[in-house]
Amino acid sequence: MPLAGVFDQDDGSVFRWHDAARLIGPEGEQVSRAGVFAPVLADRPGGAALAAALAGQGRGFRIGGAGAVEAGPGQFETLTGGSLGGARRVLRSQASWLASFAVNAAMFRIGPGVRVAVPGRLSQSLALYAALEGLALGAEVHLLDGLRWDRMAEMVAARGIGVIYATPVHVAQMLACGVAWPDLRLVLVGGAKLEPGLRAALKAVAPGAEVREFYGAAEASFISLSGPEDAAETVGRPYPGVDLRICDAAGRDLPEGAVGEVWLRSPYVFERYAGDDPGSARWRGGWLCVGEMAALTPAGLVLRGRAGRMVTVAGQNVFPEEIERFLAGLPGVERAAVLARAEAVRGHVLMAVLSGDPAREGEIMAEARARLGAMVAPRGVIWRQDWPVLASGKTDLGLLQREVDAWR
């Protein structure tokens with residue numbers, strides 16, 4: 001797809017409206033392109049925030065967050081969406097996102113005439129990325145943030161949405177409303193792994209949709225991308241333009257299949273953190289690490305979990321994310337989080353926080369003990385009717401950790 005006219009400067013380095021782009025608000029109203037630029041913008045109403053940001057014609061801005069903007073011309077700030085809360089400010093060049101806009105235009109056929117839905121808040125980097133990409137490539141962008149989940153689901157159907165960028169939580173909440181999406185052709189899922197049950201439910205309501213999962217981070221943007229041909233346990237293969245290495249603690253490359261830290265190099269990475277928070281990402285010789293543990297296998301990249309969430313249970317290094325994925329695939333479980341409590345004998349014990357059918361707790365716990373062993377399996381279950389999420393759409397692990405710490 002030709003990209004002439006997409007950018008505001010001849011070098012294609014800043015965000016702007018494509019001539020064919022249209023921006024539609026939650027209630028179906030068309031949002032005017034007229035906006036008054038300000039460096040810090042509230043994320044609601046989202047249409048006004050985008051119009052104001054793009055009115056800056058390349059000046060630095062941020063949607064959401066606190067503190068003065070440090071981004072200069074050709075830069076902007078976005079926010080991390082970490083599950084433990086405490087979002088960090090990430091400063092990056094506008095060109096770093098524009099580079100992947102061009103890749104996605106070709107891979108996903110996003111451009112004039114395509115209707116793209118964005119259910120997340122624009123203070124979330126995934127939602128901001130989706131909205132800016134659609135406007136830069138000439139799509140019709142539909143902002144759904146602020147609607148109830150059932151209204152979001154209805155709007156995807158009623159407006160003939162073809163492409164949606166969403167987290168698994170967004171997908172689960174909308175699917176629970178039972179609305180069919182016959183026009184949907186592409187679902188781009190980020191923020192967490194899409195579990196098999198949720199994938200099957202999505203296929204039932206949107207039979208014509210291709211589901212593409214991507215692994216990334218606010219600091220790195222796209223890292224890997226999976227498609228129908230990739231094994232379910234992987235997050236696919238490196239996104240175009242991304243080089244990956246798996247290294248040990250000393251920075252040495254590990255052999256295929258070994259678990260270590262993910263290091264990457266690409267044109268899509270951030271420049272630095274903004275504000276007083278030093279952040280958690282590390283640089284070494286032009287390579288970036290965001291703290292994820294994984295293995296490169298012939299089938300693709302297999303994530304184990306965040307290094308910061310790994311705990312020791314009875315002498316074993318355990319990644320709670322792996323147990324969460326296992327539990328989420330069991331009958332009666334809709335969502336799962338696994339958190340640790342300190343314990344003198346084992347080092348830590350694990351607790352499961354689940355949403356679903358409490359009547360199946362006995363069989364769920366039996367399956368966990370059979371698969372994981374009695375020492376590693378969660379000691380107990382806390383059931384929740386309402387699942388706590390952050391603005392990013394990710395599970396609020398900080399809130400759940402407080403509940404686990406208080407459990408008796």
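Here the peptides 52-61, 193-202 are ranked by packing, the mean other Cβ count within 10 Å, and the order with the highest first is 52-61, 193-202. Note on Arg148/Ala359: beta-carbon distance plugged into 1/(1 + (r/R0)^6) with R0 of 22 Å gives a FRET efficiency of 0.20. The phi-based Karplus calculation (6.51 cos²θ - 1.76 cosθ + 1.60; θ = phi - 60°) puts the 3J(HN,Hα) values of the stretch 97-103 at 7, 4, 4, 7, 4, 5, 5 Hz, whole numbers, x for Gly and Pro. By the count of other C-beta atoms within 10 Å, a proxy for reagent exposure, Arg212, Arg272, Arg252 are ordered fewest to most as Arg252, Arg272, Arg212.
Taking every DSSP beta bridge that has both ends in the chain, the antiparallel portion is near 65%. Relative contact order, whole percent, for the chain stands at 12, derived from Cα pairs under 8 Å and 6 or more residues apart. Here the scattering of the stretch 216-261 is modelled by Debye summation over its C-alpha atoms, one equal scatterer each and no solvent; at q = 0.26, 0.27, 0.32 Å⁻¹ the log10 of I(q)/I(0) is -1.08, -1.09, -1.11. Shape analysis of the stretch 310-406 places it in the oblate category; the axes a ≥ b ≥ c from the Cα gyration tensor give an a/c of at least 1.5, with a/b not above b/c. Taking the Cα centroid of the stretch 234-259 and of the stretch 335-408, what is the distance between the two, rounded to the nearest whole Å? Spelled out, the Cα-based centre of one part sits 30 Å from the other. Quotient of the Cα radius of gyration of the chain and 2.2 N^0.38 Å, N being its number of residues: 0.98. Sorting Asp396, Asp145 by the number of Cβ atoms found within 10 Å of their own Cβ, with the fewest placed first, yields Asp396, Asp145. As a rough footprinting exposure proxy, the listed residues Ser221, Ser355, Ser266 were ranked by other beta carbons within 10 Å of their own, and the order from fewest upward is Ser355, Ser266, Ser221.
Its Kirkwood hydrodynamic radius, worked out from the mean inverse distance over all distinct Cα pairs, puts the stretch 169-327 at 17.1 Å.
Annotation: for a label point projected 7 angstrom from Cα along Cα→Cβ of Thr312, residues of the stretch 246-263 with backbone N closer than 20 Å are 248-250, 259-261. Relative contact order for the stretch 283-408: what is it in percent, counting Cα pairs under 8 Å that are at least 6 residues apart? That works out to 18 percent.
Values in this text are rule-based calculations from the coordinates and carry no lab data. The shown structure was predicted, so the numbers you read here are calculated from the model rather than taken from an experiment. Quick reminder, even Gly has a Cβ in these numbers, built from the backbone with ideal geometry, and neighbours come from all protein chains shown.
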